[in-house]
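Student: First, the structure itself, so that you have it in front of you.
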Amino acid sequence: MSKIKDAHNVLVPWSILGNKELTSNDKVVYSYMKFRYQFFKYKGLSYRESNLTISKAVGLSRTTVVKSIATLVEHKLIRKISFGGSSNHYELITKKVKVVDTLIIDDNGDSLPF
C-alpha cells in the first residue's frame, strides 16, 4: 500500500475480521475501502475509485478486487452506486456498536483488562 502512510489506521470490526464467509482478500479490500471512504467523507466528497486503482493500492488483481467487492455488496457491507464509466461510488454500511469493555492481550497471550 504505497500511497498509505504508516501513521493512518482504520478500525475494522470483529464482525468482519472474524467472518468466515469472507476471504482474506475480501477483508483487505474492505479495510482499504473503509480507509478511503473515511478520507473522502472527511473531505466532504463521495467515495469514488476505480477497481484498477483499488487493485494497485492493495496489491491484488483487478479481477480479485471485483470479486471481493461483489462479496462485500452481497453481505451488505458496502453499497455500490454505478454512474457509468470506469469508476463507481461506494458507501459503507455501518452499524453503531457500543464498547462495553476493553481487553488487551500482551506478548505472552495473557489478557489485561482495562
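All of the numbers you see were taken from the coordinates with simple rules; none came from a lab. Since the structure is predicted, the reported quantities are computational estimates derived from the model, not experimental observations. Counting neighbours? That spans all protein chains shown, and the Cβs are built from the backbone with ideal geometry, glycine included.
Student: Can you run phi through the Karplus equation (6.51, -1.76, 1.60; θ = phi - 60°) for region 39-48 and list ³J(HN,Hα) in whole Hz, with x for Gly and Pro?
Tutor: 5, 4, 4, 4, 7, x, 10, 7, 6, 9
Student: Just subtract the alpha-carbon distance of GLU21 and LYS56 from 0.36 nm times their residue separation and send over the number in nm, one decimal. Spell out each step's value before the answer.
Tutor: Working: separation 35, 0.36 × 35 = 12.60 nm, distance 2.43 nm.
Taking 0.36 nm per residue and subtracting the Cα distance, the gain is 10.2 nm.
Student: Net charge near ASN19, counting Lys/Arg +1 and Asp/Glu -1 over other residues with Cβ under 11 Å of its Cβ?
Tutor: 0
Student: Taking amide H positions as placed 1.01 Å from N in the peptide plane, with prolines and chain starts having none, which residues 5 or more places from ILE78, or on another chain, fall under 5 Å of its amide H?
Tutor: VAL73, ILE93
Student: Using the structure shown, select from LYS43/LYS67; LYS34/LYS56; LYS27/LYS80 the pairs with a Cα to Cα distance greater than 26 angstrom. Mind dumping the intermediate values first?
Tutor: Values: LYS43/LYS67 28 Å; LYS34/LYS56 16 Å; LYS27/LYS80 17 Å.
As for pairs spanning more than 26 Å Cα to Cα, those are LYS43/LYS67.
Student: Quick one: net charge of THR64's neighbours, Cβ under 13 Å, K/R +1, D/E -1?
Tutor: Working: positive: LYS27, LYS56, ARG62, LYS67; negative: ASP26.
Neighbourhood net charge equals +3.
Student: Over the Cα atoms of region 11-72, what radius of gyration and what Dmax do you get, in Å?
Tutor: Rg, Dmax (Cα atoms, Å): 11.6, 34.
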